[in-house]
Amino acid sequence: MSVLVPRRRYSRAVLALAVAFLLMLSTTAFASASGGGVTLQRLSKDPFTNSGSQHKTQVEPDTFSYGSTIVSVFQSGRFFGGGSSDIGWATSTNNGATWKHGFMPGTTPYSTPPGLYAAVSDASVAYDAKHKVWIASMLGLTNGNAVDVLVSRSKNGGLTWSKPFAVNKSGDFNDKNWSVCDDTASSPFYGNCYTEFDDNSLGDLEHMSTSTNGGKTWSAALSPSGNPHGLGGQPVVQPGGNVIVPFEDLNGTISDFSSTNGGSSWSAPVTIASIDVFSEPANIRTSPLPSAEIDGTGTVYVAWQDCRFESGCSANDIVFSTSTNGTNWSAVQRVPADPIGSGVDHFIPGIAVDKSTSGSSAHIAVTYYYFTQANCTSNCQLDVGYLSSINGGATWSASQQLAGPMQLTWLASTSQGYMVGDYISTSIAGNGNAFPAFEVAKAPKGSKLNEGTFTVKGGLPVTGGALSSNAVVVDHGHAPAPVRTTAF
């Protein structure tokens, strides 16, 4: 069952922090950081010093690319009990060559201008090509028990954003939203946008809401057939308009449901695979939330953390499964970041697929966090890794360290452990390079942390190699599905 995590109550009387000078500022003003032989580009840093939030902290980035534009959104100024002071954004309109950044207006007492919500969380971003609008969805935490699903819109390429408004304001505790739009001009539902969320007040009942006008208005929430309960549903849209929503099902599986009629109704869930997960003894937030992407002809890729290939479920690998229809899924395959039995623990993946490629020539990139020793506790060293494939995941490049090592005590502290995020994200830009967004932390100065959002300067090439995905599943029995906690 889901565990309702108590949230701190925050006064609406706190004066908003003046952050307007950060808007539209190029990240060339930030110093770059290095990790693993690459040059990192800082996308944003936390300016919020209000009482209660942890300065400087940023967590949980999402990204989306369309044409030459890449947009990332993330939490900034993390609260221990849930949510953040505001949602930050970083946008490049030239395939990652330069970036602008800022913070959403009208969200919390700390935003400019101030908003009504106590905190905001779980940012997700999508692009509606028909209506030429970027859509950022997020959760708005109230001073009571309600958590609303919100949307902000940008009509100028992700460079300025509207104040958020409610997609769903039921008065319930809504959780873990994801949004996507149908960007295929030949699709019968071209211009439809879809937002997934779950209702924690109803045992994490899955919901979907649809917009047909660029996110201005949204339909009443619909539950899939069979009323599945889960978390982290990440919708993707096939070229013909079918919507497939992989999610973490509370029955202990990665599953999906779908719609073939533009969101008028949603199917009963289909099982993709059982959840078989190593629970890190370290005090860090992780869970097997799926990361989903789609190639140019509609093959869906779903990745998550899983221990099925490791003897005794002794560590997590990043694994994936594929489907062309959302009903029949491939056997689970392993992303070969390290040899089986290496003791390296991999978690929180962000998968990207180049939509200009497909099938056996699909270009895939995966970014993830990892511990070099799965059984570490207080002495853990956290790193960020990356690898890629140019043949649909049949073989992979060697893995590459992007950042780290970091100590856990350098990260934002939450009621569920130290936090980089329950998810990260990778997008492949129009020039074919992969741009991951992830958190990098340095040693704090006194009580002031230093955890910010980074990408790789110029992006990363998507290449292939000889590392095979083929692996024999170790028969160690299934680890129990994790106890579900709230995502914000």
Qualifying position, being under 25 Å from residue 430 (Cβ atoms) and in a strand (DSSP E or B), among 161, 178: 178
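Going by the structure shown, is residue 397 of a type outside the set (Val, Ile, Thr) and modelled with pLDDT of 95 or more?
yes
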Meets criteria (among the hydroxyl-bearing types (Ser, Thr, Tyr), at pLDDT 95 or above and assigned to a strand (DSSP E or B)) for residue 194: yes
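Residue-wise test of (1) under 20 Å from residue 289 (Cβ atoms); (2) of a type in the set (Val, Ile, Thr).
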| site | (1), (2) |
| --- | --- |
| 356 | no, no |
| 368 | yes, no |
| 385 | yes, no |
| 390 | no, yes |
| 394 | no, no |
| 416 | yes, no |
Some residue of the range 342-359 being in contact with a strand residue (DSSP E or B) (Cβ under 8 Å, 6 or more places away or on another chain), part of a loop (DSSP other than H, G, I, E, B) and closer than 18 Å to residue 467 by Cα: yes
Any chance residue 241 is in contact with an Asp or Glu (Cβ under 8 Å, 6 or more places away or on another chain) and surrounded by fewer than 22 Cβ atoms within 10 Å (Cβ to Cβ): yes
Checking residue 24 against (1) on the phi > 0 side of the Ramachandran plot; (2) modelled with pLDDT of 95 or more; (3) not in a strand (DSSP E or B), the condition it does not meet: (2)
Residue in the range 398-419 that is over 25 Å from residue 90 (Cβ atoms) and of a type in the set (Phe, Trp, Tyr) present: no
Pick from the range 343-371, criterion of a type in the set (Ser, Thr, Tyr) and under 23 Å from the mean Cα position of the chain (by Cα), ranking: surrounded by the fewest Cβ atoms within 10 Å (Cβ to Cβ): 356
Qualifying positions in the range 164-175 - assigned to a strand (DSSP E or B) and either touching a residue at least 60 places away in the same chain (Cβ under 8 Å) or in contact with a Pro (Cβ under 9 Å, 6 or more places away or on another chain) (or both): 173, 175
For residue 392: the one exception among (1) part of a strand (DSSP E or B); (2) over 20 Å from the mean Cα position of the chain (by Cα); (3) crowded, with 19+ Cβ neighbours inside 10 Å: (1)
Members of the range 259-295 found to be under 16 Å from residue 223 (Cβ atoms), surrounded by fewer than 22 Cβ atoms within 10 Å (Cβ to Cβ) and polar (S, T, N, Q), listed by number: 261, 264, 265, 267
Selection count where residues are part of a strand (DSSP E or B) and touching a Lys or Arg at 6+ places or on another chain (Cβ under 9 Å), scope the range 248-297: 5
Criterion (surrounded by fewer than 19 Cβ atoms within 10 Å (Cβ to Cβ) and closer than 21 Å to residue 258 by Cβ) met by exactly one of 209, 187: 187
Residue ranges of strands (runs of 3 or more DSSP E) in the range 398-455 with at least 3 members closer than 21 Å to residue 81 by Cα: 412-414, 417-419
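Please determine whether any residue of the range 211-225 is of a type in the set (Val, Ile, Thr), at pLDDT 95 or above and either under 21 Å from residue 114 (Cα atoms) or part of a strand (DSSP E or B) (or both).
Looking through the range 211-225, none of the residues is of a type in the set (Val, Ile, Thr), at pLDDT 95 or above and either under 21 Å from residue 114 (Cα atoms) or part of a strand (DSSP E or B) (or both).
The values are calculated or read from the model by the stated rules, or taken from the named source; none is laboratory data. Keep in mind that this is a model prediction, so the values were computed, not measured. Note that we place each Cβ from the backbone using ideal geometry, even for glycine, and neighbour counts take in every protein chain shown.
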